[in-house]
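Here is the structure we will look at.
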Amino acid sequence: MSADNGVYILRTEGPEYRIKHLQAVENLYWDEHIGGETQDRDVWIVNAREMWKGCEVFTDMYDALNEAHRIYEEIMSDDFCPICEYGICSITIGRKF
């Protein structure tokens, strides 16, 4: 069984960094109007705003990495289910959040 999860660092213009533990991150690329994946970065940023809403914004990459590591360690310290299938990953969208 796949957990399909990871700690994802979203980098947008600024640069700004947002970190979140997500499952099915490939939904970022889904365009509901065409019923499939798209390369349209305007769609990506709309989806990213929904997926990373409410996240703390970091402007320093090292602070963002430290936060991602903290979240990862929190997941891995879970006695019941310490799974983070894809680890810490970075996604860049060249748009303003």
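Descriptive notes on the structure:
- From the options Y86, Y17, residue that is touching a strand residue (DSSP E or B) at 6+ places or on another chain (Cβ under 9 Å), modelled with pLDDT of 95 or more and in a loop (DSSP other than H, G, I, E, B): Y86
- Of the candidates L28, L10, the single residue that is in contact (Cβ under 8 Å) with a residue 12 or more places away in the chain, closer than 23 Å to D63 by Cβ and not in a strand (DSSP E or B) is L28.
- Here the condition is being farther than 14 Å from I88 by Cβ and at pLDDT 95 or above; of M61, M51, it holds for M51 alone.
- Residue ID - surrounded by the most Cβ atoms within 10 Å (Cβ to Cβ), chosen from residues in the range 55-83 that are among the aromatic types (F, W, Y) and part of a helix (DSSP H, G or I): Y72
- You will find that of E16, E74, the residue that is within 15 Å of the chain's Cα centre (by Cα) and among the acidic types (D, E) is E16 and no other.
- Positions within the range 31-54 being loosely packed, with under 15 Cβ neighbours inside 10 Å, in a loop (DSSP other than H, G, I, E, B) and under 12 Å from the mean Cα position of the chain (by Cα), in sequence order: K53
The values are calculated or read from the model by the stated rules, or taken from the named source; none is laboratory data. Computed from a predicted model, the values in this text were never measured in an experiment. Glycine also receives a Cβ, built like all others from the backbone with ideal geometry; neighbour counts cover every protein chain displayed.
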